[in-house]
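Notes follow once the structure below has been shown.
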Amino acid sequence: MSTGTNPNRFWSRLVRELRPYVPGEQPRMSNLVKLNTNENPFGPSPRVSDAIRAEAAETLRLYPDPEAVALRQALAAYHGARPEQVFVGNGSDEVLAHAFVALLKQDAPLLFPDITYGFFPAWCRLFGIEAETVPLDSALRIRIADYARPAGAIIFPNPNAPTGIALGRAEIAALLQTHPGQPVVVDEAYVDFGAETAIPLVASHPNLLVVRTMSKSRALAGLRVGYAIGDAGLIEALVRVKDSFNSYPLGRPAQAGAVAALEDETHFQRSLALVIEERDRLTQALTRLGFEVLPSAANFVFARHPARAGAELAAELRAQAVLVRHFARPRISDYLRITVGTNTQTDVLLAALARCL
Ligand code: PMP
């Protein structure tokens, strides 16, 4: 196409060369069994909608607290930290993006697993960060020993995505031991569903940033609240980036709703127990259908069938109105990532799979 007619002719070079992250489909149809984006089917605490309703008032004409003090205090109290060790953002994606700029862009390459959250390479391209991927082992596990190499910084999710496999806290402590001079970010988006949090290591490791989200275990993907816990020095770096980007990332309803979610521990624990119980049932049923299911500590499972290609299965499920996630990527193209749904959703999925096989 000549430049005269190219509709992209106004794009910057950076934008022309980007390969953006592609999120799971958010279909407009309502009759689908949606198991493709790791949303929590059991819903948020009813206290959240009460708190949001109370904020839907005349005060909406005013900007929200740019420092989200009440929310940061609530998170600090919940996690046994100080408010200056807490940063909040518009979903953990925003918190992570700020961490890439503030902490992970160093003179030596950033290390992360070859199979991991697809946004990591996207942010490297956006922010011009040199990255080196570290292969998972043959069982698709992160091996801490493989990170003993020159690095500017390290990031990985725990549990990893999309495998769902978790590292123990002792392994993360060992990694921190070998990299005392580099920022290490642990993305704990799914940790509440059965992994050990690294937050207790923050007190003794000024280089550790733990990133969390309310999207999954608190069932608030629609509210967009993420946060990070780390040494006050790391948090200050995030604040410097935030205040160079958007002073008000969380609106009043989001701040109030997030505080209310933290106050309902009973709902939180019940919802976690339901997800974990349903994950176990799903794992057993998939295994009976012949799937190989990785051990998941998340609200999804990663599974492959020895006789069927992943892309084909995903397409056949979609034809039966069941959405799961498939990644056309080396090493994992035969796997399906299936979000843990309700009892009924699991039954519909299993019946659809039985027809495919
Ligand atoms: N980290 C991982 C590993 C994820 O899978 C997701 C969800 N796509 C996120 C972070 C971001 O979640 P959110 O922005 O909703 O907090």
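Observations on the model:
- 3J(HN,Hα) couplings calculated from phi for segment 194-199 with the Karplus curve 6.51 cos²θ - 1.76 cosθ + 1.60 (θ = phi - 60°) are, in sequence order, x, 10, 8, 6, 8, 4 Hz; Gly and Pro show x.
- Projected over every direction and averaged, the convex hull enclosing the alpha-carbon atoms of segment 212-357 yields 11.5 nm².
- Distance from the alpha carbon centroid of segment 141-164 to that of segment 1-75 works out to 27 angstrom.
- On a per residue basis, the chain carries 45 Å² of accessible surface, using protein heavy atoms and a 1.4 Å probe.
- Taking packing as the residue-averaged number of other Cβ atoms within 10 angstrom, the listed peptides 54-62, 144-152 run from highest to lowest as 144-152, 54-62.
- Comparing A70, V88, A256 along the charge dipole axis of segment 46-263, the residue lying farthest to the positive side is A256, per the Cβ-charge model.
- Computed Kirkwood radius, in angstrom, where 1/r is averaged over Cα pairs of the chain: 21.4 Å
- Surface composition of the chain: carbon plus sulfur atoms contribute 54% of the solvent-accessible area (1.4 Å probe, protein chains only, all chains present).
- Ratio Rg/Rh [Cα only; Rh per Kirkwood] for segment 154-281: 0.98
- Among the chymotrypsin sites (Phe, Trp or Tyr not before Pro) in segment 187-272, those located in a DSSP loop and surrounded by at most 15 other Cβ atoms within 10 Å of their own Cβ are F245.
- Rounded to the nearest 500, the 222 nm mean residue ellipticity of the chain from helices alone is -10500 deg cm²/dmol, with -39,500 (n - 2.57) taken per DSSP H run of at least 4 residues.
- In order through segment 132-148: 3J(HN,Hα) via Karplus (6.51 cos²θ - 1.76 cosθ + 1.60), integer Hz, x for Gly, Pro: 9, 8, 10, x, 5, 6, 5, 8, 6, 9, 6, 10, 4, 4, 6, 8, 7
- Other residues with beta-carbon under 11 Å from the beta-carbon of E84 carry, at +1 per Lys or Arg and -1 per Asp or Glu, a net charge of -1.
- Converting phi to 3J(HN,Hα) with the Karplus coefficients 6.51, -1.76 and 1.60 and the offset θ = phi - 60°, segment 52-57 yields 5, 4, 5, 7, 7, 9 Hz in sequence order, with x at every glycine or proline.
- Close amide-amide hydrogen proximity is noted between D187 and F156, N158, V211, each under 5 Å apart and 5 or more residues distant or on a separate chain (H modeled in the peptide plane; Pro and chain starts excluded).
The values are calculated or read from the model by the stated rules, or taken from the named source; none is laboratory data. Just so it is clear, the model here is predicted, and its values are computed rather than measured. Neighbour counts are summed over all protein chains in view; Cβ atoms, including those assigned to glycine, are modelled from backbone coordinates with ideal geometry. Each accessible area value is taken on the protein alone, full model and side chains, heavy atoms only, with ligands, DNA and RNA left out. Shrake-Rupley method; radii C 1.70, N 1.55, O 1.52, S 1.80 Å.
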